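> Here it is: the structure, laid out below.
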Amino acid sequence: MTGKPERKQLAGRSMIIPSYLLTLCALLFLSCGPTVAQSVAVFDFELIDTSLEGAIRGARADERERLARLSDQLRQLLRESGRFSFVDIAPIASEAQASNLQACGGCDIRLARRIGAELAITGTVQKVSNLILNMNIYVRDVSSGATIAAMSADMRGNTDESWSRTLNWLVRNRLLAPGYGLK
């Protein structure tokens with residue numbers, strides 16, 4: 001008589017463990033499922049030249065070219081992350097380029113909203129001299145206008161390599177870093 005009830009109890013307990021495991025696996029699958037990429041408008045970088053050279057000679061062609069490459073490089077790094085879908089900024093590009101996106105009272109948000117983006121990403125390179133420069137990236141939520149991430153890095157040297165390496169560092173260690181930049 002003691003053998004049969006024990007078998008029923010053991011059989012009931014052995015069914016509980018697989019059902020818990022099945023539930024746990026289902027929860028993990030649902031929580032790790034595909035995420036929807038956020039739509040993003042990545043605006044071109046802007047140069048803030050406060051150097052004596054800039055005041056005397058104006059904008060340099062090599063710096064304008066670097067800004068364009070930097071903007072393309074940022075888009076490529078974000079594309080490779082797989083976390084974003086890109087909204088074409090061509091319809092508003094001339095308006096954006098005619099504005100100082102950092103001091104226009106939220107025009108980056110208005111422009112990004114017009115083209116259907118959820119996030120607006122802008123960036124600047126501030127040139128103090130050919131030796132001292134600073135790169136900044138700002139990410140703003142289009143629906144609220146809130147700045148959700150801002151990052152900055154100093155760089156030494158006004159070269160293609162220093163600009164590219166600084167951007168790579170900012171994206172890897174700030175913008176896409178777990179627990180730091182974008183969630």
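Derivation of every value follows stated rules applied to the coordinates shown; laboratory data play no part. Everything quoted here is computed from the prediction, not taken from an experiment. Please note: Cβ atoms are built from the backbone with ideal geometry, for glycine as well, and neighbour counts cover all protein chains shown.
> Could you check the simple spin-label distance between Asn168 and Arg83, using points 7 Å along Cα→Cβ, in nm with one decimal?
Calculated label separation equals 1.9 nm.
> What residues of the range 46-73 lie in the reach of a label at Ser129, counting those whose backbone N is under 11 Å from a point 7 Å from the Cα along Cα→Cβ?
The answer is 52-53, whose backbone nitrogens lie closer than 11 Å to the label point.
> Using Cα pairs closer than 8 Å and at least 6 residues apart in sequence, work out the relative contact order for the range 41-112, in percent.
With pairs under 8 Å counted, the relative contact order is 40 percent.
> Using the Kirkwood radius over C-alpha pairs as Rh, can you work out the diffusion coefficient of the range 38-175 via Stokes-Einstein at 37 °C, viscosity 0.692 mPa s, in µm² per second?
Approximately 216 µm²/s, per Stokes-Einstein.
> Between the range 77-125 and the range 130-183, what's the alpha-carbon centroid distance in Å?
Using only Cα atoms to place each centre, the spacing works out to 15 Å.
> Starting from the Cα of Gln97, step 7 Å toward the Cβ, then list every residue of the range 35-56 with an amide N under 20 Å from that point.
41-49
> Leu47's amide H: which non-local residues (gap 5+, or another chain) put their own amide H closer than 5 Å, with H modeled 1.01 Å from N in plane and none for Pro or chain starts?
Val125
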